[in-house]
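The values are calculated or read from the model by the stated rules, or taken from the named source; none is laboratory data. Predicted model only: the values in this text are computed from it and were never measured. With ideal geometry, Cβ positions are generated from the backbone for all residues, glycine too; neighbour counts draw on all protein chains shown. All accessible areas refer to the heavy atoms of the entire protein, side chains included, with ligands and DNA or RNA removed. Shrake-Rupley method; radii C 1.70, N 1.55, O 1.52, S 1.80 Å.
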Amino acid sequence: MGLISGILMGTIVGIALMAGWRHMMRYRSSKRIAKAVDIKLLGTLNRDDLKKICGDNFPEWISFPVFEQVKWLNKQLSKLWPFVADAATAIIKESVEPLLEEYRPPGITSLKFSKLSLGNVAPKIEGIRVQSLKKGQITMDIDFRWGGDPSIILGVEAALVASIPIQLKDLQVFTVVRVIFQLAEEIPCISAVVVALLSDPKPRIDYTLKAVGGSLTAIPGLSDMIDDTVNTIVTDMLQWPHRIVVPIGGIPVDTSDLELKPQGNLTVTVLKANNLKNKEFIGKSDPYVVVYIRPLFKVKTKCIENNLNPVWNQVFELIAEDRETQALILEVFDQDVGQDERLGIAKLPLCELEPETPKELELRLLPSLDMLKIKDKKDRGTITIKVLYHHFNKEEQQAAFEEENRILEERKKLKEAGIIGSTMDAVGSGVGMVGSGIGTGVGMVGSGIGAGVGMVGSGFGAVTSGLSKAGKFMGRSITGQSSKRSGSSTPVNSILENGGAKPL
């Protein structure tokens, strides 16, 4: 009897223990599932949602990193850097030297690398953000930082001055590089790569200039010229929306969709300026205005002599490639026998303009766009302009793209012929929407933008007074350098100053 009751009691207790254990496991499983659901929901919250939930108790240690850390990549890059540096040196010299020559400021006859070595310190990638912004593309943003030990010496030559070696020391680069991979169905599955520097945050390139065996004062303003050249190359060639498109894989591919195309036309009427700063010891300044969106397409007004309240009333046609990021720049200079001096500069972001809506604006002139480096912040006067933005349709866009490329090629030819000192020189204002009355006017499809016929020999001064060439330019005429001055750090004189074509 005792044995039977013991077996029965043991069975009941065993069953009870097993039932209790099963119930406990189910309870713990349901709790884990509920907690996982809560964690998943928390994972979908952003910083603002958590602040609303937690209020002032929001913990500071919680962060939402935009870029993923890639410590493993930095370790591998450090090992590969000696080989990467040698290969990159050749690529940089081959690709950057033409840019230095193309963006070479007036007054400098040659700007090349005398020595280039990237040193032993590898750059550091702080993080990578991968996103798919468009079908068939992968977009990768790379937080790039480099405080290396490169050895960079520029050979700088100017008129009547021997070559001066300029060393770039303490080079530091802070920027976010955008890399876009265009995908393809064939191996290597990538047909092209697009590289650009994001404008936000703004790229920082810090360095110190030192003359090797000479003095920076041998060429007045040399340091500022080099700074301006570096800044112009970065903003006009590398900074988004500008980009470099590299086809890869050895397969012929159409990269036209990846290239930056003109978006619209900006008609600028430079009306007048008021209360300009006088830079002359005797008499008054002789002001003129340089107008551009991209530095490679500078145009300029005629010079009004001995006047601090000049009236120009001249019309220019400029091409805009990205209305959201680009801006209209107006620089007022005092024409002088030696180096022209800037009286002031104004900036008008294109995003502030409404398409097909004319607008008259009075802009205050500043000593510089970067006021943090300026000590003299006195009033520089104002400049009054009229602007009208026209957005291109598809046909106009393609026509403008082809004309823009043709203009660049013509400017390079003029530079090679010695007619202009640099492709950065501003060109004359003798253009209009129907060709300016010189030669013939060629209309673009539906755009109303004329292509005036270019140069008149009388605008080139005594040396080239017999020269007469013609070329089609969209909304501009290219002129030669006047014999009035040489070595100027500002653009060449326009045809108008020598009795050439007049604007509309």
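With all protein chains kept in place, the per residue accessible area of segment 78-207 amounts to 53 square angstrom at a probe of 1.4 angstrom. The residue list Ile329, Leu388, Leu408 was ranked by how far each Cα lies along the charge dipole of segment 326-412 toward its positive end, using unit charges on Cβ atoms, and Ile329 comes out on top.
Sites listed here are trypsin sites (Lys or Arg not before Pro) in segment 135-171 whose DSSP assignment is loop and whose Cβ has at most 11 other Cβ atoms within 10 Å: Lys135.
Backbone geometry of segment 93-104 corresponds, through the Karplus equation with coefficients 6.51, -1.76 and 1.60 at θ = phi - 60°, to 3J(HN,Hα) couplings of 5, 6, 9, 7, 4, x, 5, 4, 6, 5, 9, 4 Hz, x marking Gly and Pro.
Applying 1/(1 + (r/R0)^6) with R0 = 56 Å to the Cβ-Cβ distance of Gln339 and Leu41 gives a FRET efficiency near 0.25.
Taking 29 Å as the cut-off for C-alpha to C-alpha distance, list the pairs among Lys115/Lys298; Lys279/Lys302; Lys112/Lys378 that go past it.
Among Lys115/Lys298; Lys279/Lys302; Lys112/Lys378, the Cα-Cα distance tops 29 Å for Lys115/Lys298; Lys112/Lys378.
Between Ser223 and Lys93, the distance separating the two model label sites (each 7 Å from Cα on the Cα→Cβ line) works out to 2.9 nm.
Largest accessible area first, the listed residues Trp312, Trp21 line up as Trp21, Trp312 when surface is computed with a 1.4 Å probe on the assembled protein chains. Shown in residue order for segment 111-128 are the 3J(HN,Hα) couplings computed by the Karplus curve 6.51 cos²θ - 1.76 cosθ + 1.60 at θ = phi - 60°: 9, 9, 7, 8, 8, 8, 9, 8, x, 10, 8, 7, x, 10, 9, 6, x, 9 Hz (x for Gly and Pro). Surface calculation, 1.4 Å probe, protein heavy atoms: Glu157 sits at approximately 80 Å² accessible. Computed on protein heavy atoms with a 1.4 Å probe, the accessible areas place Leu366, Leu45 in the order Leu366, Leu45, largest first. Less than 5 angstrom separates the built amide H of Ser110 from those of Glu157, all sequence-distant by 5 or more or on a different chain. For segment 225-267, a simple Cβ point-charge model (Lys and Arg +1, Asp and Glu -1, everything else neutral) yields a dipole of about 100 debye relative to the Cα centre.
Between the listed residues Val291, Leu308, Asn274, the Cα displaced farthest toward the positive end of the dipole of segment 264-309, a dipole computed from Cβ unit charges relative to the Cα centre, is found at Val291. Across the accessible surface of segment 177-321, with the other protein chains kept in place and a 1.4 Å probe, carbon and sulfur atoms take up 53 percent.
Accessible area per residue was computed with a 1.4 Å probe on protein heavy atoms; Val13 scores about 80 Å².
Using Cβ point charges alone (K and R +1, D and E -1), the dipole size of segment 258-347 about the Cα centre works out to roughly 180 debye. Please turn the phi angles of segment 25-38 into ³J(HN,Hα) values with the Karplus equation 6.51 cos²θ - 1.76 cosθ + 1.60 (θ = phi - 60°), one per residue in order, whole Hz, x for glycine and proline. My calculation for segment 25-38 gives 5, 5, 4, 5, 5, 5, 5, 5, 4, 4, 5, 5, 5, 4 Hz in order.
When only the Cβ of Lys, Arg, Asp and Glu is charged (+1, +1, -1, -1), the dipole of segment 175-245 relative to its Cα centre reaches about 160 debye. Per residue, the average separation of C-alpha pairs within less than 8 Å and at least 6 apart gives segment 152-233 a relative contact order of 30 percent.
Close amide-amide hydrogen proximity is noted between Gly119 and Ser151, each under 5 Å apart and 5 or more residues distant or on a separate chain (H modeled in the peptide plane; Pro and chain starts excluded). Take Glu354: with every protein chain present and a 1.4 Å probe, its accessible area is about 120 Å². Accessible area per residue (1.4 Å probe, heavy atoms of protein chains only) ranks Lys261, Lys210 as Lys210, Lys261, with the largest value leading.
Lys359 to Leu209: FRET efficiency via 1/(1 + (r/R0)^6), r the Cβ-Cβ distance, R0 25 Å, to the nearest 0.05? Here the calculated transfer efficiency is 0.05. Here's how it looks for Gly381: its modeled amide H is under 5 Å from those of Leu365, which are all 5 or more places away or on a different chain. Between Glu402 and Phe67, the contour length at 0.36 nm per residue exceeds the alpha carbon distance by 116.8 nm.
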